[in-house]
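Input: a single structure, listed below in structure tokens.
What follows draws every value from the coordinates through simple rules; no lab data is involved. Please read these numbers as outputs of a predicted model, since none were measured by experiment. Virtual Cβ from ideal backbone geometry, glycine too; neighbours counted across all protein chains shown.
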Amino acid sequence: MMLSKVYSRLAGLAAAVNVDRRLGSIAKVVVSCGLVFALVWRFRHDLPSLKAIDPTALVIAIGLLFLQPILIGARWCLLLRQYESNSKFLSLTGVTWFAVFANQFLPAGVGGDAVRIYYARHLGNRLGAATASVLMDRIMALVALVLMVIALTPFLPEAIDRRLILALGTLCAICAIIVTAVYVCVHRSWTGSLRSPLVQRLLTLTHYVMRTLSYPGQSVLALGISIIIHLLSFVAFTMIARSIGIQADAEALLAITALLTFIQVIPISIGGWGVREVAAVSLLSLVGVEAGSALLASLLLGLAYAVASLPGIIIWGFIKIRPNQSTGHGNAPAR
């Protein structure tokens, strides 16, 4: 009787989690579609004619974004090497491209990161290494973006309070110091006394993540790749803006694009749709760009992201996932 009660409660909890995920996915669809529709309806008379778009600049912008999944795959491959992984660059790039496609088109709560972790396991990596590599990949991208936002702060419109940007950088640095200090203290003093399986798993994952610090050269290289990836987005948006006649200063456009990139990673929409457009209309208005032009530029950027992600579904279908090392279930870090 007791077991049946426990089973029924667990089943109810699982059902509730699945419902929450569905509701979260529906909410993302509603947010993206609702914001885009509202903006297009509000500024429908101010949108520039599509005939005015320079197709060459748009094609070049899409071409730049085509390079992003390849570079992300290279960064992920570099990070996995720190865990003694033998996964091939081509396989990782194919999985990465499919994950980028998933992030652009699928509202599912698992997202592209779960896709990468899943296939990294099938490529022969330990669960801890697969999870930590994807987590560090995200951290590297975020750190690079924050650094670039701070570096471009002098070029932001004066209406934007620069103290918020500097506070963001300071907060990230403090968080990194606290996490490192807590890990060192726990790992050295309390690991033996903490018997909880959950705590031990968290410590193991933290050990994997912190292991990256023992490879400073590769970490700096991964950070450099992240900067290049973001620069591709910045240049692509600048070219798209120029293609529809936006004549704002290039430095201001780069700085605003950095903020747009940061805003669109907030996980409340699909691929940043809607949230990015609201931010673009608001931020570009500070440098004298009309709302219709800003909205069209943002929509074209989203379209360019989507087109650049489409090969992921094709490449993923052709790449053979074959384990190249043991897929043992142990989570102990490789020594």
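Can you bin every Cα-Cα distance in the range 235-299 into 10 Å intervals starting at zero and give me the percent of pairs per bin, rounded to whole numbers?
Percent of Cα pairs in each bin: 24, 60, 16, 0.
Quick one: work out Rg over Rh on the C-alpha atoms of the range 42-148, Rh as Kirkwood radius.
Radius of gyration over Kirkwood radius for the range 42-148 works out to 1.11.
Chymotrypsin sites (Phe, Trp or Tyr not before Pro), restricted to the range 82-149: which are DSSP loop and have at most 13 other Cβ atoms within 10 Å?
none
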